Amino acid sequence: MDDTLEFLHHVDIFSLLSQEELNKVLPLLEVIQFEAGETIFREGEEGSTLYITLSGKISILIRLVDGREREIAEFCSGDFFGEMSICENAPRSATCSTKERSLLYCLHKRDFMKLIEEHPYIAIKIMYRMLSSTSQRLRDTGEFVSDMVVWGLKARKRAITDEMTGVYNRRFIDDTLENYFASSKERGMPFSLIMVDLDYFRQINESYSMKVGDQVLSAVVGVFKKHVREKDITARYGGDAFTIVMH
C-alpha cells in the first residue's frame, strides 16, 4: 500500500475500506491548497463538498448571539469535515478557515452520488463510519452548547448585577424603569419608586476604610431584603445610592 492509500486508510470514514476499494475512491478526490487565514466556507452557506485535511490546521467557528465567533474545534491531518453537505441540502452549520497553509482532499456530492450508484457497498461503508463520527461530534457539540448556555446565563447575570452587594445594578434598573413607566402609562397601574441615599457614608470610608464601608453596604442590602417583597426590585444605583421598585 503506497503512502497515499496508507493515509486514506487512516481517515476515519475510509477505515473500513480495502486497498482495492480505496483505489476506486482515490480518483474522486480533488486536492486543493488554501493559504493561512483563508475561509473555506461560511456558516449558513450552501455546500456540496466534504473536505479531508491532508496537511495544515483548520479552525471550526460558530457565531454567537452577540455576533462574535467562537472556535469549537480544530481539525488536523486525517480529519474530515463538511460531511453533511454530501448527504443533504442543509446549509453549513459552521465557518471553517485555515490557521496555516493547508492541503485538503475534496469529495464533491456529485462524485459521491456516482460512487453510490456504481459501488454501493463502498458507499455504505463510508456512510457507516461517517454516521458514527458525526454522532460523536454531535454529542461533543451538545456538551459544548450546554456549557455555552450556562456561560451565557452567568454572563448576563454579571452584566446586570452589582458584584459587591449581589443586587441589581444601575444598568438593569435604568432599563427596567423605562419598561415600568411605559407599562404603567399603558395599563393605568401605578408603581412605587424609592430612592435611598446613605448619610455620612463617605465618613465611614474615610474613618474606618473602604472594606468596612463595603460591609455596611452589604448590611444595608440585608435590611432592604427583609422589608421588601420577593417580587420587588432592589438595585444599587451607584456608590451609596439605592433604588427600590415596588409594584
Worksheet, complete the sentence: Checked the stretch 182-227 for anything part of a loop (DSSP other than H, G, I, E, B) and either touching a His at 6+ places or on another chain (Cβ under 9 Å) or under 19 Å from residue 172 (Cα atoms) (or both); matches are 189, 190, 191
Worksheet item: Before we move on, is residue 129 touching a helix residue (DSSP H, G or I) at 6+ places or on another chain (Cβ under 8 Å), under 24 Å from residue 10 (Cβ atoms), modelled with pLDDT of 80 or more and charged (D, E, K, R)?
Response: yes
Worksheet item: Which is more than 25 Å from residue 10 (Cα to Cα), in the same structural domain as residue 10 (by TED's automatic domain parsing) and of a type outside the set (A, V, I, L, M), of 82, 78, 56, 67?
Response: 67
Response to the item:
The number of residues in the stretch 1-22 that are surrounded by 13 or more Cβ atoms within 10 Å (Cβ to Cβ) and outside any loop (DSSP other than H, G, I, E, B) is 10
Discussion item. Can you pull out every residue in the stretch 23-58 that is surrounded by 19 or more Cβ atoms within 10 Å (Cβ to Cβ) and under 28 Å from the mean Cα position of the chain (by Cα)?
Written reply: 34, 40, 41, 47, 49, 50, 51, 52, 53, 54, 56, 58
Discussion item. Checking residue 230 against (1) at pLDDT below 85; (2) loosely packed, with under 10 Cβ neighbours inside 10 Å; (3) assigned to a helix (DSSP H, G or I), only one condition comes out false. Which one?
Written reply: (3)
Response to the item:
The lone condition residue 89 fails out of (1) at pLDDT 90 or above; (2) out of contact with any Lys or Arg (no Cβ under 6 Å at 6 or more places or on another chain) is (1)
Discussion item. Residues that are in contact with a helix residue (DSSP H, G or I) (Cβ under 6 Å, 6 or more places away or on another chain) and over 19 Å from residue 133 (Cβ atoms): does the stretch 54-62 have at least one?
Written reply: no
Item to complete: Answer yes if at least one residue in the stretch 11-28 is farther than 24 Å from residue 132 by Cα and either touching a helix residue (DSSP H, G or I) at 6+ places or on another chain (Cβ under 7 Å) or among the charged types (D, E, K, R) (or both), and no otherwise.
Response: no
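The values are calculated or read from the model by the stated rules, or taken from the named source; none is laboratory data. Just so it is clear, the structure is predicted and the values come from calculations on it, not from any experiment. Neighbour counts run over all protein chains shown; Cβ positions are idealised from the backbone, glycine included.
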